[in-house]
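Here is the structure we will look at, set down as structure tokens.
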Amino acid sequence: MIPAAFDYHRPNSLQEAVSALAQWGADGRPLAGGHSLIPMMKLRLATPAHLVDLAGIAELKGVRSDGDDVIVGAMTTQHEIAASDLLSAKVPLLKETTLQIADPQVRYAGTIGGNAANGDPGNDMPAVMMCLNATYQIVGKSGERRIAARQFYRGTFNTALQSGELITAIRIATPSAGHGYAYEKLKRKIGDYATAAAAVVLTMSGGTVAACSIGLTNVADRPLWAEEAAKILVGSSLDAATVRRAVAAAEAITAPASDAHGPAHYRTKMAGVMLTRALARARSRAHA
Ligand SMILES: Cc1cc2nc3c(=O)[nH]c(=O)nc-3n(C[C@H](O)[C@H](O)[C@H](O)COP(=O)(O)OP(=O)(O)OC[C@H]3O[C@@H](n4cnc5c(N)ncnc54)[C@H](O)[C@@H]3O)c2cc1C
């Protein structure tokens, strides 16, 4: 399959990229790793007249600390996320998730910004970003703004990004020292998208849950933040009855399609199984 004709542009600065995208409006599209966009162009599901390649913009790359936050540049590749000592130390959930995306070839090119901006409910990072309460830093012709990942996703390939806007970086408040975390993903075969997946971050204190956050991947038209399920767990010792109640609350907000991953009811139940496993593994990693 061959994409429709397009013009290719490779700016060297963020300012140039923003100006170019502002000029072309809906006819322009940022290109990051290309591992979602190029297949969509080949299928003619996307037909941008202008591709603005972000690969030459150094300021969009890298991982750094900013006070209690970690900032990950949008063009940081999935491979670089997995290799980052800073992220392994401060937000280990990111490494765990990244290593479950596709295969090394995809991870060498695919970026965290592209994965977050894409709007495909099958992408793994969006639910993880909601779980971590990450903030997306955005720039466009009207200037800079920030939006919480929990407010960003509107539906399949529908996000809060306006035409011409770019995610420049993702800001994540470092979870408490000693927190537990897990990303559990069911897939039909190695390297596949999730049939269902669950992200958990939790903090224990004196044997009970002090704080908990849960994200769910690919069980609705958008990633889900399971707020009620997490609230049920706070104050509990993660005993089996409370976990069952929380899992039921998480399953209740899912609305998956019946597709090649399986029937809708099966996928909802698998989201529950992934959450049960993620909670147990996060608990085993949490201190106190
Ligand atoms: C074989 C295969 C298996 C895969 N399996 C998985 C999987 O299991 N889990 C998973 O999560 N993903 C999977 N992917 C997708 C992969 O992770 C992509 O790399 C990712 O979804 C998109 O990142 P990208 O950098 O390639 O972005 P691109 O494909 O370049 O862009 C994706 C979209 O985001 C927009 N965009 C890119 N960067 C920005 C930015 N900074 N600001 C605003 N908009 C931007 C683009 O215009 C486009 O609309 C798979 C891909 C392949 C080819």
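The values are calculated or read from the model by the stated rules, or taken from the named source; none is laboratory data. In this text the structure is predicted, and so the values were computed from the model without any measurement. Neighbour counts run over all protein chains shown; Cβ positions are idealised from the backbone, glycine included. Just the protein is used for accessible areas: all its heavy atoms, side chains included, with ligands, DNA and RNA removed. Shrake-Rupley method; radii C 1.70, N 1.55, O 1.52, S 1.80 Å.
Would you kindly state how much longer the chain becomes between ARG171 and VAL234 on full extension, computed as 0.36 nm times their sequence separation minus their alpha carbon distance, in nm to one decimal? Working shown, then result.
Numbers: separation 63, 0.36 × 63 = 22.68 nm, distance 2.51 nm.
My answer for the length gained is 20.2 nm.
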- Full extension between SER19 and ALA49 adds, at 0.36 nm per residue less the Cα distance, a length in nm of 9.2 nm
- Item | Net charge over other residues, Cβ less than 15 angstrom from the Cβ of HIS79 (K, R count +1; D, E count -1) | -2
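Please tell me the relative contact order of the chain in percent, rounded to the nearest whole number, where contacts are Cα pairs under 8 Å and at least six residues apart.
RCO, the chain: 16 percent.
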- Query: Let a ≥ b ≥ c be the square roots of the eigenvalues of the Cα gyration tensor of the chain; is it rounded (a/c under 1.5), or, if not, prolate (a/b larger than b/c) or oblate?
  - Reply: prolate
- Could you tell me what percent of the DSSP beta bridges with both partners in the stretch 1-117 are antiparallel, to the nearest 5? 40
- Note on the structure: Lys and Arg at +1, Asp and Glu at -1: neighbours of GLN105 with Cβ under 15 Å from its Cβ sum to -2
- Task: Output the peptides 136-143, 49-56 sorted from most to least packed, where packing is the average of other Cβ atoms within 10 Å over each peptide's residues.
- Result: 49-56, 136-143
- Task: Return one whole number: the accessible area per residue of the chain in Å², for a 1.4 Å probe.
- Result: 44
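Pop the C-beta distance of LYS187 and ALA210 into the FRET formula with R0 = 35 Å and round what comes out to the nearest 0.05.
Efficiency, rounded to the nearest 0.05: 0.65.
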- Task: Apply 1/(1 + (r/R0)^6) to the Cβ-Cβ distance of ALA252 and SER163, taking R0 = 25 Å, and write down the FRET efficiency to the nearest 0.05.
- Result: 0.10
- Residues of type lysines that LYS90 reaches as a straight line, Cα spacing below 19 Å, ignoring anything fewer than 8 places off in the same chain: LYS61
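Excluding ARG29 itself, what net charge comes from residues whose Cβ is under 12 Å from its Cβ, given Lys and Arg +1 and Asp and Glu -1?
So the environment of ARG29 carries a net charge of -4.
Size of the dipole of the chain about the Cα centre, Lys and Arg at +1 and Asp and Glu at -1 on the beta carbon, nothing else charged, in debye to 20?
640
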- For the stretch 186-275, the percent of accessible surface on carbon and sulfur atoms (probe 1.4 angstrom, ligands and nucleic acids excluded) is 60
- Task: Measure out, as a whole number of angstrom, how far apart the alpha-carbon centroids of the stretch 1-59 and the stretch 265-288 sit.
- Result: 38
- Using a 1.4 angstrom probe with every protein chain in place, what is the largest-first accessible-area order of CYS212, CYS131? CYS212, CYS131
- Table column - 3J(HN,Hα) (Hz), the stretch 31-45, Karplus curve with 6.51, -1.76, 1.60, x for Gly and Pro: 10, 10, x, x, 6, 10, 5, 5, x, 5, 5, 5, 7, 6, 7
- Message: What are the membrane-span-like helices in the chain by this rule: whole DSSP H runs, Cα extent along the axis at least 27 Å, mean Kyte-Doolittle hydropathy at least -1.0?
- Response: 264-285
